[in-house]
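K.L.:
This is the structure I want to talk about, given as structure tokens.
The values are calculated or read from the model by the stated rules, or taken from the named source; none is laboratory data. Note that the structure is predicted; figures quoted are calculated from it, not measured. Backbone-built Cβ (ideal geometry, glycine too); neighbour counts: all protein chains shown.
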Amino acid sequence: MDPKIAGLYEEFQRGVLDRRDFLSKLARLAGGTAAAAALLPLLEGRSEASQLVPKDDPGLRTEYIKYAGAAGDIRAYSARPKDAKKRPGVVVIHENRGLNPHIEDVARRVAKEGYLALAPDALSPFGGTPPNPDDARPLFQKLDNEANIKNFVAAVNYLKTDPQSTGKVACMGFCWGGGVTNQVAVHSPDLAAAVPFYGMQPEPEDVPKIKAAMLIHYAGNDARIDAGIPAFEEALKKASIDYRIFLYPGAEHSFFNDTNPAPRYNKEAAELAWKRTLDFYREKLKG
């Protein structure tokens, strides 16, 4: 697929373009409206087909729960092993598409590795993530940033005090959720570990507030996000934060999301980032 087309779709995903502008530009790049229509299903992905852990996996207990947020209940997807063994927790934060089948699958992947996974829906204040992704994106612009961060910090507290929890909790997030993960690290002293994927960095003056160990993934072809790496790393060093940064050459923003077509989904980079994440969790949460 033409990288220009993948880049155009990424702008649409981030809300830089509305759907009308996106389709118009896609038609020009693809060579006509018919070609654009043929490309659209490939770009939008197939969430259900890409799920690695079935919804009815016999070893997991999955359900939708609610927990107390900053100004009301937050709906979340919970996935955990069926046994009663005490386990660490991991908060999974979605992209700017909301809580969708892909993120629920990621939560199940985390649970299969022996953790209590919780994937909150940031759009709970608006009734939850709508079925149509196009309806979800504008809602992110209406979120109250301070309240949103508090809602995810509350998720950390929810897992920390869960009767099945060991008390150790990590957070991971992708794209928009990567930026939120960084903010949770800043605002939650109870967080043990944070794994942001290609997320917007916090302000340098906020970095010393971080108590969690940080494992930070970036795509090589992601100029807008990568521009913030040097200042972030300098602040992490100055504050003596336990951190590791990995850059994946040739990978695009959202390279972990396997519901996207190549080159946006990069199998090699995604698998390596996942292995590094699991190793990090074993070290920081189970060690």
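K.L.:
Kindly evaluate Ala223 against the criterion of being buried (at least 24 other Cβ atoms within 10 Å of the Cβ) and among the aliphatic types (A, V, I, L, M).
P.N.:
Spelling it out, it is not the case that Ala223 is buried (at least 24 other Cβ atoms within 10 Å of the Cβ) and among the aliphatic types (A, V, I, L, M).
K.L.:
Pairs please, first residue from the range 247-268 and surrounded by fewer than 21 Cβ atoms within 10 Å (Cβ to Cβ), second anywhere and of a type in the set (Asp, Glu), Cβ atoms under 7 Å, 6+ apart in sequence or on different chains.
P.N.:
Close Cβ pairs satisfying both conditions: Pro263/Glu252; Tyr265/Asp258.
K.L.:
Something else: Hey, can you tell me all the residues within the range 144-182 that are surrounded by fewer than 24 Cβ atoms within 10 Å (Cβ to Cβ) and outside any helix (DSSP H, G or I)?
P.N.:
Asp144, Thr161, Asp162, Pro163, Gln164, Ser165, Thr166, Gly167, Lys168
K.L.:
Go through (1) assigned to a helix (DSSP H, G or I); (2) surrounded by fewer than 24 Cβ atoms within 10 Å (Cβ to Cβ); (3) in contact with a helix residue (DSSP H, G or I) (Cβ under 6 Å, 6 or more places away or on another chain); (4) in contact (Cβ under 8 Å) with a residue 40 or more places away in the chain for Ala136 and report which single condition fails.
P.N.:
In the conditions (1) assigned to a helix (DSSP H, G or I); (2) surrounded by fewer than 24 Cβ atoms within 10 Å (Cβ to Cβ); (3) in contact with a helix residue (DSSP H, G or I) (Cβ under 6 Å, 6 or more places away or on another chain); (4) in contact (Cβ under 8 Å) with a residue 40 or more places away in the chain, Ala136 misses (3) alone.
K.L.:
Are any residues in the range 190-213 aliphatic (A, V, I, L, M) and either in a helix (DSSP H, G or I) or crowded, with 23+ Cβ neighbours inside 10 Å (or both), and if so, which ones?
P.N.:
The answer is Leu191, Ala193, Ala194, Val195, Val207, Ile210, Ala212.
K.L.:
Going through Ala70, Ala27, Ala107, Ala76 one at a time, which residue ends up being under 18 Å from Asp121 (Cα atoms) and at pLDDT below 95?
P.N.:
Ala70
K.L.:
Follow-up question, since we're still on this one. Restricting to the range 232-246, name every residue that is of a type outside the set (Phe, Trp, Tyr), surrounded by 15 or more Cβ atoms within 10 Å (Cβ to Cβ) and assigned to a helix (DSSP H, G or I).
P.N.:
Glu233, Ala235, Leu236
K.L.:
Being of a type in the set (A, V, I, L, M), surrounded by fewer than 24 Cβ atoms within 10 Å (Cβ to Cβ) and on the phi < 0 side of the Ramachandran plot narrows it down to one of Ala117, Ala84, so name that one.
P.N.:
Ala84
K.L.:
Which condition from (1) on the phi < 0 side of the Ramachandran plot; (2) surrounded by fewer than 19 Cβ atoms within 10 Å (Cβ to Cβ) is the one that Ala185 breaks?
P.N.:
Result: Ala185 fails condition (2) only.
K.L.:
Please work out which residue is farthest from His102 (Cα to Cα), limiting yourself to the range 247-280 and to residues that are assigned to a helix (DSSP H, G or I) and of a type in the set (Asp, Glu).
P.N.:
Applying the filter and picking the extreme gives Asp279.
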